[in-house]
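The values are calculated or read from the model by the stated rules, or taken from the named source; none is laboratory data. Please read all numbers here as calculations on a predicted model, not as lab measurements. Note: ideal-geometry Cβ built from the backbone for every residue, glycine included; neighbour counts use all protein chains shown.
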Amino acid sequence: MDTIKENKSASTLYGLLIIFLSFIALLINVPNQMGSKLGLISLVLLTGIIYFSVIIYIGKVQKIPKIFLPAIVFSFIFLCVNAIGIFWKTDQRFFITLYQFLTVAGFFLVCSFMDWNQARLRILFRFSVLFILSNFVYFFFRGSAHEYLGFFTNSNLLGATLYLTLFFLLVGSERKKSFGMFFILLTTLILIYLTGARSIIISLFFCLLTYVLWNKLIISKKVFTFYFLLTMGGLIAFVFIYPRLIYWSDFYTINNFVLEHTGKNLYSGRQIIWADLITVVKQNLWIGHGAGTLPSEVSNVRASSHSFYLQIALQTGILGLSSVLLLLLSVWRIMWHGRYDNRVRLSAAFFIGILYHQSFEVMLTQNNMAIALFQWLILAIGASYSYREQKKKYEVQTYQTK
């Protein structure tokens, strides 16, 4: 890692390997068996590199930077809350869930300590362009204008990946006002629209809103923190309010409007899933039903919970949900230190979009690891630049006091 003095060529190779394996791991989501196996192999290799890097870092550094301590502490607390479930749930899924969380946490730390210079961002940009253009070309030969899947097994997976690559386009481009950049951004947005993934449209809206409001949000640390807490409070409340919208007097009027303009109902089936799971969550409110618990194990729901927050509450109760929200808050507060850097601004904006997306999917710390790692990479890039800004300020203050 770059915080450890290392050979420049080795550092370049290390960064390239992380990026390459992250993109190849996306193949785990394709229907082709050979491609899916290749994605799995890449994911296993990437996981091995992450754990090896963490061990090397712990062995060589004397202390962990202060701004990362809250994130590490809340990660540990969340892990402990998950581990409590071992007293009543010890199946394979339990250990996989713990392993997945450790992997994303380690990946975030490893990538946060890397130097995301322009050369590395350029590599991310080029891989993203290749991914987007290949899906665009594929659309003309095999695509469908309705819920376009691309190379993946699900249109929502493609929509989520396109949203994440949009960040790499914006942060890695050196010619943001060129025609080529305009074309690739427009292509990405068209593909997102073709997937029909409404959760991604919502994510894009709040991502853009956060970016536009950024200068207002960084007026003070209190305002900055309040915005995040307001966002999380709203998202948690939404999970409980959404199933009851049907009792609202104007529900059908709004539903008909949405149906007319999007071709989809306001309700997508989640209202039934969430209502059932909320009842189950209340049965073991504080510590949940155990890490790795699936909705089908404790309810009549045979599908995914379709909400990261509800899934965490189901598995680890209020204690687990609180600790993971504090972990996310601590990551958000890291970005305060780099608030004047546009790359941090982009990372924070996409972070908010990711949080909205997780209201409808379960991809942040479990299930789809390929996409989970991309999400944490975006957060890590923002954290990396924030850490370097904080480090510069500390060095200046130290020099001035001498």
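Here are some notes:
- When every residue of the range 339-348 is checked against the conditions, none turns out to be assigned to a helix (DSSP H, G or I), under 19 Å from Leu79 (Cβ atoms), within 15 Å of the chain's Cα centre (by Cα) and aliphatic (A, V, I, L, M).
- Tallying residues that are of a type in the set (Gly, Ala, Ser) and loosely packed, with under 13 Cβ neighbours inside 10 Å within the range 27-56 yields 1.
- Qualifying residues in the range 282-307 (those that are over 21 Å from Ser268 (Cα atoms) and β-branched (Val, Ile, Thr)) - the one nearest to the chain's Cα centre (by Cα): Thr293
- Qualifying residues in the range 313-351 (those that are closer than 14 Å to Phe224 by Cα and in contact with a Leu (Cβ under 8 Å, 6 or more places away or on another chain)) - the one surrounded by the most Cβ atoms within 10 Å (Cβ to Cβ): Val331
- Of all residues in the range 137-168, those being crowded, with 19+ Cβ neighbours inside 10 Å, part of a helix (DSSP H, G or I) and of a type outside the set (S, T, N, Q) number 10.
- Exactly one residue among Leu310, Leu230 is closer than 20 Å to Ser203 by Cβ, within 24 Å of the chain's Cα centre (by Cα) and exposed (fewer than 12 other Cβ atoms within 10 Å of the Cβ), and that residue is Leu230.
- Checking the range 63-84 against the condition returns a match, with at least one residue being surrounded by 15 or more Cβ atoms within 10 Å (Cβ to Cβ), in contact with a Phe, Trp or Tyr (Cβ under 7 Å, 6 or more places away or on another chain), not hydrophobic (A, V, I, L, M, F, W, C) and not in a helix (DSSP H, G or I).
- Selection of the range 99-123 for residues being part of a helix (DSSP H, G or I), among the aliphatic types (A, V, I, L, M) and within 19 Å of Asp341 (Cα to Cα) yields Ala119, Leu121.
- As a summary of the residue check, Gly353 satisfies the conditions (1) farther than 21 Å from Ala71 by Cα; (2) at pLDDT 90 or above except for the one numbered (1).
- Hits in the range 185-216 - residues which are crowded, with 20+ Cβ neighbours inside 10 Å, in a helix (DSSP H, G or I) and without any contact (Cβ under 8 Å) to a residue 60 or more places away in the chain: Thr188, Leu191, Ile192, Leu194, Thr195
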